[in-house]
Amino acid sequence: VQLQASGGGLVQAGGSLRLSCAASGSIFGINYMGWYRQAPGKQRELVARISSGGTTNYADSVKGRFTISRDKAKNTVYLQMDSLKPEDTAVYYCNGRRDIRTTGYWGQGTLVTVSS
């Protein structure tokens, strides 16, 4: 399974960005797609996750500001990030897994920088 993330960049506080993650390869049975982020000096944390059935989960810090969605026909997951804050600055990683208990597959990170 290969995951190709894109869409990061520099944005001012209050702005928006949309991240994309395109999956390819042996993607059959990838039931969970998610976005994680890692800020300097901090552990990687879950930002949002979506199941094959469409159930979504969000970190409390992004609820109401971020929206995760998926286009099954394109094997792509999106993360719409609105009302961005400087504390959202991090490297964002796409993740896909068959079982929520496993580590799954990781894409390369994409840097999001929010200036104040």
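The values are calculated or read from the model by the stated rules, or taken from the named source; none is laboratory data. Given the structure is predicted, the values throughout are model-derived calculations rather than measurements. Note that we place each Cβ from the backbone using ideal geometry, even for glycine, and neighbour counts take in every protein chain shown. Accessible surface is based on the protein model in full, side chains and every heavy atom, while ligands, DNA and RNA are left aside. Shrake-Rupley method; radii C 1.70, N 1.55, O 1.52, S 1.80 Å.
General observations
- Boolean, residue 80 is over 13 Å from residue 30 (Cα atoms), open to solvent by 50 Å² or more (accessible area, probe 1.4 Å) and modelled with pLDDT under 95: no
- Which numbered condition residue 61 misses (of (1) touching a strand residue (DSSP E or B) at 6+ places or on another chain (Cβ under 7 Å); (2) in a helix (DSSP H, G or I)): (1)
- Annotation: of all residues in the range 28-50 being of a type in the set (S, T, N, Q) and over 13 Å from the mean Cα position of the chain (by Cα), the one that is least open to solvent (accessible area, probe 1.4 Å) is 31.
- Number of the condition not met by residue 73 [criteria: (1) in contact (Cβ under 8 Å) with a residue 24 or more places away in the chain; (2) small (Gly, Ala, Ser); (3) more than 18 Å from residue 39 (Cα to Cα); (4) surrounded by fewer than 16 Cβ atoms within 10 Å (Cβ to Cβ)]: (1)
- Filter result (within 15 Å of residue 48 (Cα to Cα) and surrounded by fewer than 16 Cβ atoms within 10 Å (Cβ to Cβ)) within the range 83-102: 100
- None of 102, 55 is polar (S, T, N, Q) and at pLDDT 95 or above except 55.
- Within the range 35-59, residues that are closer than 19 Å to residue 76 by Cβ reach partners that are part of a loop (DSSP other than H, G, I, E, B) and polar (S, T, N, Q) with beta carbons closer than 8 Å, at six or more positions or on different chains, in the pairs 51/31; 52/31.
- Filtered residue count, the range 1-20, keeping only those that are in a strand (DSSP E or B), out of contact with any Gly (no Cβ under 9 Å at 6 or more places or on another chain) and under 14 Å from residue 90 (Cβ atoms): 3
- Filter pass, residue 25 being more than 14 Å from residue 89 (Cα to Cα), open to solvent by 20 Å² or more (accessible area, probe 1.4 Å) and over 16 Å from the mean Cα position of the chain (by Cα): yes
- Residue pairs whose Cβ atoms lie under 8 Å apart, sitting 6 or more positions apart in sequence or on different chains, and linking a residue in the range 1-30 that is more than 17 Å from residue 47 (Cα to Cα) to a partner that is open to solvent by 50 Å² or more (accessible area, probe 1.4 Å) and among the charged types (D, E, K, R), are 13/85; 22/74; 29/98; 30/98.
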